[in-house]
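Colleague: Take this structure, written in structure tokens, and hold onto it; I'll ask about it next.
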Amino acid sequence: MIPISGQSAFVFCAVFALAAFQAFCGTDDVRAQESPQPSESRFYFNDTDDCLRCHSNSREMRDSAKFIGTAPAEIWEKLDKHSQSFLLLKGKSRELTNSILGFDLREVFEGDEMTILSSEEKVAEKVKLVKSCLRCHATWPMGSVHPLGKPHHPVVDLNLGVSCQGCHGPASKWNGAHSKMWWRRVSNEAKSKLGFIDLRDSVVKAEVCTSCHVGSAKEERFVRHEWYAAGHPPLPGFELASFSAQMPAHWKPLREKEDFEGRTATSAPVPDGAADRVVLNINISDADIKPSYQEANFGSLKPGPFADQPRTREVLVSAAVVLRSYVNLAGDHAAAAAEGRQAWPEFALYDCAACHHELRRREGLAARPMRRGPPGRPPFPLWPSALFDLAAQHLVAEEPASEGRLNELRTSLHDLERAYTARPFGDAKQIAAAANKLAPQLDALCGELGKSRFDDQATRRALTLLVTEGRAEIDLRDYSTARQVAWAIRELSKDEKRIPYEFGATLDGRQQQALEHIESLFRRDNSDPLMLSLPARQDRFVVDELPASLKAMMDYDAEWFRKQISLIGAQPK
Amino acid sequence: MQHDPHAKAAAMLVSPEFQEIINRLSQGKDSSTSSQVYLQCAHCHDPEGIAAAGDEGVILTTPQSGQSQAARGIGCESCHGGAKEWLSQHYQRGISKSSLVAAGMLDTENLLARGRLCASCHVGDGVRDMNHDMIAAGHPPLRFELAAYHRKLTHHDPATARQSHWDDARPRIATSDFETRLWAAGQITSAQSALALLESRARRAASSAEESPASAPWPELSEYDCFACHQRLRPTAGGGKLLGLGLPTWGKWNFALLLDQDPLFLGDLRREMHKAFAAEPDSAERAVKPARAAMMNAYAEDISAHSVLRQLSKTIGDKPSWETLCHRYLGLLAVEKAIGDEFQKLELAGSVSPHQRIGFNRRRKEIDQALRAVGDSLSFADDKSEWPRALNTADGLTRANAALDAAAERLEVLQTYAERGQ
């Protein structure tokens, strides 16, 4: 039996397996692509109203306030752009959507309400295209299906955009349990077996974000060059702490949570939920219930996760995860291309600025980043590895023995970069092989970082690295790299000044002053030349801001940025 | 000859700019040393050095500043042919051209032979290959047009002290429409050179999968339209069409004027080069062979200003592009000069009335101004940016094309003056 709410019209089922969607069998084409796995791994998307009923109601959340906060979904509903991601496609940016698609979005839907995709054969190709947009612009992950096998029914109302279960996982198997206090004591592994995605694990969180914000070939989330060329706004790079802050975050980091019930062995105790688990008929054994939240989540790790500098953790973890996501995207696409399943070359996999620069005379060359391969061949983009040294040097400081492994990883990364330029656009097979070699090394790096501790010293170390010339292998002549660096400096500085992470937290005068200073670090004549402020909230519109943001890319002044960095480096601490 | 820029090639070899390009190119190649890179440069920049080193297996290296530059760079024999067999004869009276040619002197008075010679470096050929790697390292892109380059040489500019060491006055007077025949020879020989270059690139790319000094990058980006990729980022760049975007056009500069006659000369080559992003090198090599053969017979001896003007009176290709506009503009300049030459001959023969002269000069001045404005809009905006002005506005190319339509119409009227006296 499957624990679902009574509103069957809104209940859908999904196969939720981040990477295991390929090996299904089935009869018709759609089912072959997206047919359910055996029932034990079948997860269902609940009605999102079920989520909102509690999570946007501070009264309902009263008992969990210490652990969760009072109304996280309100922030998502009222401020966060994720809730608008489909509404924008069909509403405000409809003209651009149609222009990119080459047809009116309405054509692929059954009715004017645009809730169900058309099953007509003559629009099948268009439906397929729109579905790939919806992988990011709605909650409809790869592999998820309607319980009746209706491939054209979205698994969550499209109008909700990227909604709760899009990131937290399909809730059918854990919805009943997750509101109980004993859920805090359930081990990570047991939770994930129920389809719950543990976003408190910063590696997982960064992975979920980058699956759209960087892209994922496996998840069919990939903005191709032809979409960009047709007008899709460029993806702006990704730095987790900055993007979270601007979203804004609807969560609190562990450090800012009070000593909630069940936190550690010394906190107020919570029951083991034995009776509940029977009633819910949920697959959580007694062994999955740990003594406390700390042990359920951090096991035997070094003590201190509750004291982690939250942004430092996010900056350094995402430094590695972003690179991994990009390498996987490139590798997966190249592998598919090598087998003839995808076109090659796919321009979106190269450094945009390699082609999209003005043709300068010789003096302009000095302003362009120097690369490893021969000049004149589109290279691996610089920005995904911009902050890599930050993560690497953090690990070495924590564990000197990791230096050798990191050097091997660097060698593999350089091999991938060389594969990109061994010939113009590289050879798909060679790129796939190089990415394949790099992937497990990056997995190991991400895993180690996730388990690492991020104290004040880690914050200072990372900051010093970024503001000291020559300390890290970062080419500031690249606009997207400069943004990654500037974002990281700002977020790390906030941690350094102990500015609360939680959105809407009250700041004292000193913190307020420090925050204002930090936010002015990369302003120039009262403007934001690096466009560090993102159109992330509902009151801003990326399409309106495009002319300015594209101009900023073309007019980037590396000399000015370098000067700003050295000014920050010269400031007394 | 001392005012000819070719004479400065030896000095160029020791310039910091030259060294910087070589360094950038060498740095990028794990397997290639700078002497291999230098050899590639030397085919055009240092043919004297190659000739001196060639037979003895000497490894040619970059000349060092301070060393003697004698016998380096571009010398007389680089263009006129090895002189061993004809040196003592060529200044003697009564010696026939055919016997000199038989002795190895190159016939630079033959416009096709001359064009081929110039294009072998200024476009490239089977041996000389200036590719996109080099452009990215700082070498200016090659955009050659024979008649315009002649004008650059023969027009004595005190600032650059450029001047050619030869004079085409004799054939200009003795034959009609010299300028358009020079222009046409340039079109044909550039296309021939470009095909030889493409064939060699395709062959080297196909025969050597590994990166080696002998291999060629593929796809070779300099074969394509620069501005297809090098675009400013702007909202809705593609004008709202999802499919078929992002593929650059092949052969826009060197085959611009063949667009309407592609099947005749290029056969399947253009289609082959537009398959996916680039054809496989071996199928490109196969398609280029018949094109090379067809191109050998492309030059018509009887080409006249009249026939060139007729060809250039309408838009080249489906819609104007920067490259086709440049060629149309340069072609019309050649037509204008040819008409001017012919009119001048009529004047010298005394068969022009003062009234005709005034009318001709007025009209020519107007056309001059109109063409100069188009030339301005097609040229690069400033010293720092290689960005033609016409690309800065949405309708820049359309307006330049319309201005050329009007100029072509006026040239037809101007031509009646040059024909009237005959």
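Colleague: Please give me the summed charge of the neighbours of B:ALA10: other residues whose Cβ is under 10 Å from its Cβ, Lys and Arg +1, Asp and Glu -1.
Modeller: Values: positive: B:LYS8, B:ARG72; negative: B:ASP46, B:GLU48.
In short, 0.
Colleague: Taking the dipole about the Cα centre of chain A, with the C-beta of Lys and Arg at +1 and of Asp and Glu at -1, give me whichever of A:ILE100, A:THR411, A:HIS357 is farthest to the positive side.
Modeller: A:THR411
Colleague: I'd like the distance separating the alpha-carbon centroids of the stretch A:164-183 and the stretch A:427-501, in whole Å.
Modeller: 32
Colleague: Still on this structure: Less than 13 Å Cβ to Cβ from B:SER78, Lys/Arg counted +1 and Asp/Glu -1: what total charge do the surrounding residues give? Could you put the intermediate results ahead of the total?
Modeller: Details: positive: B:ARG72, B:ARG128; negative: B:ASP4, B:ASP46, B:GLU48, B:GLU77.
Once all neighbours under 13 Å are counted, the net charge is -2.
Colleague: Along the charge dipole of the protein assembly as shown, Cβ charges K/R +1 and D/E -1, which of A:GLY569, A:SER58, A:LEU280 sits furthest on the positive end?
Modeller: Of the options given, the answer is A:GLY569.
Colleague: By the gyration tensor of its Cα atoms, with a ≥ b ≥ c the square roots of the eigenvalues, what is the shape of the stretch A:186-286: rounded for a/c under 1.5, prolate for a/b over b/c, or oblate?
Modeller: On the way: a/c = 4.08, a/b = 1.91, b/c = 2.14.
It is oblate, given that a/c is not under 1.5 and a/b is not larger than b/c.
Colleague: If you don't mind, another one. So which trypsin sites (Lys or Arg not before Pro) in the stretch B:373-416 end up in coil per DSSP with only 15 or fewer other C-beta atoms within 10 Å?
Modeller: Details: sites: B:LYS384, B:ARG389, B:ARG399, B:ARG410; in loops: B:LYS384.
Answer by residue number: B:LYS384.
Colleague: Within 10 Å, Cβ to Cβ, of B:VAL374, how many net charges do the neighbouring residues add up to if Lys/Arg are +1 and Asp/Glu are -1? Could you put the intermediate results ahead of the total?
Modeller: Working: positive: B:ARG328, B:ARG372, B:ARG399; negative: B:ASP376.
Neighbour charge sum, excluding B:VAL374 itself: +2.
Colleague: Which of B:ARG181, B:ARG362, B:ARG270 moves the most in a Gaussian network model of chain B with Cα springs under 10 Å?
Modeller: Answer for the Gaussian network model of chain B: B:ARG362.
Colleague: Which of the peptides A:551-560, B:82-91 is most tightly packed, and how do the rest follow, judged by the mean count of other Cβ atoms within 10 Å per residue? Please list the in-between numbers first.
Modeller: Details: A:551-560: 15.5, B:82-91: 13.2.
Taking the mean over residues of other Cβ atoms within 10 Å, the ranking is A:551-560, B:82-91.
Colleague: Measuring from the lowest to the highest alpha carbon on each principal axis, how far does the protein assembly as shown reach, largest first, in angstroms?
Modeller: Principal extents (largest minus smallest coordinate, Cα): 119, 65, 56 Å.
Colleague: Along the charge dipole of the protein assembly as shown, Cβ charges K/R +1 and D/E -1, which of B:ALA196, A:PRO547, B:ALA381 sits furthest on the positive end?
Modeller: The one lying farthest along the dipole's positive direction is B:ALA381.
Colleague: Rounded, prolate or oblate: which one fits the stretch B:365-407, using the alpha carbon gyration tensor with axes a ≥ b ≥ c (rounded when a/c is under 1.5, else prolate when a/b beats b/c, else oblate)? If you can, show how the numbers build up before the last one.
Modeller: Details: a/c = 4.15, a/b = 1.51, b/c = 2.74.
Note, shape of the stretch B:365-407 comes out oblate.
Colleague: State to the nearest 20 debye the size of the charge dipole of chain A about its Cα centre, where the only charges are +1 on K and R beta carbons and -1 on D and E beta carbons.
Modeller: Values: 73 positive and 78 negative charges, 190 e Å.
Dipole about the Cα centre, nearest 20: 920 debye.
Colleague: On average, how many beta carbons from a partner chain sit within 10 Å of the beta carbon of a residue in B:132-140?
Modeller: Details: counts 5, 7, 3, 3, 8, 5, 8, 2, 3.
The per-residue average across the peptide is 5.
Colleague: Here is a further query. As an exercise, identify the trypsin sites (Lys or Arg not before Pro) in the stretch A:307-396 lying in DSSP coil whose Cβ has no more than 11 other Cβ atoms within 10 Å. Can you show the working numbers first?
Modeller: Details: sites: A:ARG311, A:ARG313, A:ARG324, A:ARG341, A:ARG360, A:ARG361, A:ARG362, A:ARG371, A:ARG372; in loops: A:ARG341, A:ARG361, A:ARG371, A:ARG372.
Taking the stretch A:307-396 and a limit of 11 other Cβ atoms within 10 Å, the loop trypsin sites (Lys or Arg not before Pro) found are A:ARG341.
Colleague: Moving to a separate point now. At a Förster distance of 35 Å, what's the computed FRET efficiency of A:GLU559 paired with B:ARG399, Cβ-Cβ distance as r, to 0.05? Show your work: numbers first, answer last.
Modeller: On the way: r = 36 Å, r/R0 = 1.03.
The formula returns an efficiency of 0.45 here.
Colleague: Can you give the log10 of the normalised intensity I(q)/I(0) at q = 0.17, 0.18, 0.25 Å⁻¹, computed with Debye over equal Cα scatterers of the stretch B:311-384?
Modeller: Scattering profile of the stretch B:311-384, log10 relative to I(0): -0.75, -0.81, -1.14.
Colleague: What number, rounded to the nearest 500 deg cm²/dmol, is the helix-based mean residue ellipticity at 222 nm of the protein assembly as shown, given -39500 (n - 2.57) per DSSP H run of at least four residues and division by all its residues? Could the numbers behind the result be given before it?
Modeller: Details: 45 runs with 489 residues, N = 995.
Calculated from helices alone, the mean residue ellipticity at 222 nm is -15000 deg cm²/dmol.
Colleague: Here's something else I'd like to know. Please find, in a Gaussian network model of chain B (springs between Cα atoms separated by less than 10 Å), the residue of B:ASP168, B:ASP341, B:ASP405 whose mean-square fluctuation is greatest.
Modeller: Between B:ASP168, B:ASP341, B:ASP405, it is B:ASP168 that shows the largest mean-square fluctuation.
Colleague: Quantify how strongly other chains surround peptide A:368-380 by giving the mean number of their Cβ atoms within 10 Å of each of its Cβ atoms. Could you put the intermediate results ahead of the total?
Modeller: Working: counts 1, 0, 3, 3, 3, 5, 16, 13, 15, 6, 2, 0, 0.
If you average over the peptide's residues, the count of other-chain Cβ atoms is 5.
Colleague: A follow-up question, please. What translational diffusion coefficient, to the nearest whole µm²/s, does chain A have by Stokes-Einstein, given a Kirkwood radius computed over alpha-carbon pairs, a temperature of 37 °C and 0.692 mPa s viscosity? Present the calculation step by step, with values, prior to reporting the outcome.
Modeller: Working: Rh = 25.0 Å.
This corresponds to a translational diffusion coefficient of 131 µm²/s.
Colleague: Measuring from centroid to centroid over Cα atoms, what is the spacing of the stretch B:352-404 and the stretch A:219-245 in Å?
Modeller: If we compute the Cα centre of each part, the gap is 43 Å.
Colleague: Please report the Cα spread of the stretch A:283-442 along all three principal axes, rounded to whole Å, starting with the longest.
Modeller: 65, 39, 28
Colleague: For peptide A:222-231, what's the mean number of Cβ atoms from other chains within 10 Å of each residue's Cβ? Mind showing how you got there, number by number?
Modeller: Details: counts 0, 0, 3, 2, 8, 3, 5, 10, 10, 9.
Counting other chains' Cβ atoms within 10 Å and averaging over A:222-231 gives 5.
Colleague: Enumerate the calculated ³J(HN,Hα) couplings along the stretch A:459-475 in order (Karplus 6.51 cos²θ - 1.76 cosθ + 1.60, θ = phi - 60°), each rounded to whole Hz, writing x wherever the residue is Gly or Pro.
Modeller: 4, 5, 4, 5, 4, 4, 4, 6, 9, 9, 4, x, 7, 10, 7, 10, 9
Colleague: Something else: To the nearest 20 Debye, how big is the dipole of the protein assembly as shown about its Cα centre, given +1 on the beta carbon of each Lys and Arg and -1 on that of each Asp and Glu? Each step should come with its number before you reach the end.
Modeller: Details: 120 positive and 131 negative charges, 199 e Å.
Once rounded to the nearest 20, the dipole reads 960 debye.
Colleague: May I ask for the distance between the Cα centers of the stretch B:81-158 and the stretch A:249-274, given as a whole number of Å?
Modeller: Using only Cα atoms to place each centre, the spacing works out to 83 Å.
Colleague: I've got another one for you. Cut-off is 10 Å between beta-carbons; in what order do A:THR115, A:THR459 appear when sorted fewest neighbours first?
Modeller: Listed from fewest to most nearby Cβ atoms, that is A:THR115, A:THR459.
Colleague: Write out the GluC sites (Glu not before Pro) in the stretch A:209-289 meeting two conditions: DSSP loop, and at most 11 other Cβ atoms within 10 Å of their Cβ.
Modeller: Details: sites: A:GLU219, A:GLU220, A:GLU226, A:GLU239, A:GLU256, A:GLU258, A:GLU261; in loops: A:GLU219, A:GLU220, A:GLU239, A:GLU258, A:GLU261.
Answer by residue number: A:GLU258.
Colleague: Scan around B:LYS252 for amide H atoms under 5 Å from its own, H built in the peptide plane at 1.01 Å from N, and keep only partners 5 or more places away or cross-chain.
Modeller: It is B:ASP225, by chain and number.
Colleague: What number do you get for the stretch A:32-177 when its Cα radius of gyration is normalised by 2.2 N^0.38 Å, N = residues?
Modeller: On the way: Rg = 16.7 Å, N = 146, 2.2 N^0.38 = 14.6 Å.
This ratio for the stretch A:32-177 stands at 1.14.
Colleague: Ranked by Cβ crowding within 10 angstrom, fewest neighbours first, how are A:CYS136, B:CYS79 ordered? Could you put the intermediate results ahead of the total?
Modeller: Details: A:CYS136 23, B:CYS79 16.
Ordered from fewest to most neighbouring Cβ atoms within 10 Å, A:CYS136, B:CYS79 come out as B:CYS79, A:CYS136.
Colleague: Please report the orientation-averaged projected area of the stretch B:282-349, defined via the convex hull of its C-alpha atoms, in nm². Numbers along the way, then the final one.
Modeller: Numbers: hull surface 26.3 nm².
Hull-based average projected area comes out at 6.6 nm².
Colleague: Under a point-charge model restricted to the Cβ atoms of Lys and Arg (+1) and Asp and Glu (-1), what is the dipole moment magnitude of the stretch A:315-410 relative to its Cα centre, in debye to the nearest 20? Intermediate values should be presented prior to the final figure.
Modeller: Working: 11 positive and 11 negative charges, 105 e Å.
So the magnitude is around 500 debye.
Colleague: Just for the Cα atoms in chain B, what are the lengths along the principal axes, largest first, rounded to whole Å?
Modeller: Extents along the principal axes, in whole Å: 70, 69, 42.
We did not get these values from a lab; they are worked out from the coordinates using the rules stated. What you see is a predicted model, and the numbers here were worked out from it, not measured in a lab. When we count neighbours, we look across all protein chains shown, and the Cβ atoms used for this are built from the backbone with ideal geometry, even at glycine.
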